[in-house]
1. Do we find that PHE202 is in contact with a Pro (Cβ under 8 Å, 6 or more places away or on another chain) and without any contact (Cβ under 8 Å) to a residue 60 or more places away in the chain in this structure?
2. Please find, among SER210, SER168, the residue that is more than 30 Å from ASP54 (Cα to Cα) and either free of Cβ contacts under 8 Å to residues at least 24 places away in the same chain or in the same structural domain as LEU100 (by TED's automatic domain parsing) (or both).
3. Residues that are surrounded by 13 or more Cβ atoms within 10 Å (Cβ to Cβ) and part of a loop (DSSP other than H, G, I, E, B): does region 57-73 have at least one?
4. Do we find that LEU183 is free of Cβ contacts under 8 Å to residues at least 40 places away in the same chain and of a type in the set (A, V, I, L, M) in this structure?
5. Are any residues in region 162-187 over 20 Å from THR131 (Cα atoms), polar (S, T, N, Q) and not in a strand (DSSP E or B), and if so, which ones?
6. What's the total number of residues in region 79-135 that are in contact with a Lys or Arg (Cβ under 9 Å, 6 or more places away or on another chain), part of a strand (DSSP E or B), in contact (Cβ under 8 Å) with a residue 40 or more places away in the chain and over 18 Å from SER175 (Cα atoms)?
7. Taking region 141-161 as the region of interest, how many residues are crowded, with 17+ Cβ neighbours inside 10 Å, of a type in the set (A, V, I, L, M), under 18 Å from LEU128 (Cα atoms) and at pLDDT 95 or above?
8. Which one of these does LEU23 not meet: (1) surrounded by fewer than 16 Cβ atoms within 10 Å (Cβ to Cβ); (2) part of a loop (DSSP other than H, G, I, E, B); (3) at pLDDT below 95?
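The values are calculated or read from the model by the stated rules, or taken from the named source; none is laboratory data. Computed from a prediction, not measured in an experiment: that's the story for all the values here. Counting neighbours? That spans all protein chains shown, and the Cβs are built from the backbone with ideal geometry, glycine included.
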Amino acid sequence: MQKILITIIFGLLFSSCQEREKLNSLDKNTEVNKWNIEKLSIRANEHLDSSKWDLELLNQDIETYNKYSEIFKSYPLNKSPFPVAEYDYAVSSIPFVIELDSVVFKGVRIGEYENPESEKIIDKLTLLILTNDKDAKESTLVDSRNYPYLTAQGIFKVTNNEFDWVFSASPDGFSTLVLNMKLFDLRFGETIIIYPQTDKSFIYDQIKDSPNNYGNFEDFQKSVIAHPKVKKQMISEMNIK
């Protein structure tokens, strides 16, 4: 029953993340990377104007939260309903696994659609955890409600440790990931790799690379695995000399 419930809620979340609401005051053809401080200020004020709230969306969120509040509360930040001005934005989260010999990485890609009618996804964060456990649990919630900001959060439960993370991307290009209170400024690399240690600490790499730079995700994975720093950690993990 619990597995069925989780499947239902994530189906709802995925559907919710791809809503096609109307955008009132901002030109629909304005690209995300053309947001400036003036437009962001206008957007912030729209959220405070109750006449611009999407009440249908708010009521939908309230109903969903009442049904699945325990699941929302299980994340690092509880996702309770709040009103927002109308918007048109679609977001994406894609979990993945990389296996190589005895080494297993579990990861997630967080991104946004180029526009709500497009099939093209622009990745903003790629997070990998070295688990060596195919059954390690990963759970992600990506949220469109803070448009034009992209927000997401999640949990990785691995052997001997748990990693909680919260991600935020601003349309002006400044993005951050906070993982177990370690802050990553993603202007210096949008691919983060976490290596859990037996003493419950962790070490990490931050790579200036992204799936956006490749024709397919498999090529990106090969590049990550071949990165000298990642290779060194993998060799250490497999006790290869």
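1. Details: in contact with a Pro (Cβ under 8 Å, 6 or more places away or on another chain): yes; without any contact (Cβ under 8 Å) to a residue 60 or more places away in the chain: yes.
When the stated conditions are applied, PHE202 passes them.
2. On the way: SER168 fails: more than 30 Å from ASP54 (Cα to Cα).
After applying the criteria, what remains is SER210.
3. No.
4. Values: free of Cβ contacts under 8 Å to residues at least 40 places away in the same chain: yes; of a type in the set (A, V, I, L, M): yes.
The answer is yes for LEU183.
5. First, the residues of region 162-187 that are over 20 Å from THR131 (Cα atoms): 167-176, 183-187.
Next, from what is left, pick out any that are polar (S, T, N, Q): 168, 170, 175-176.
Correct list: SER170 only.
6. The qualifying residues number 7.
7. Number satisfying all stated conditions: 3.
8. (1)
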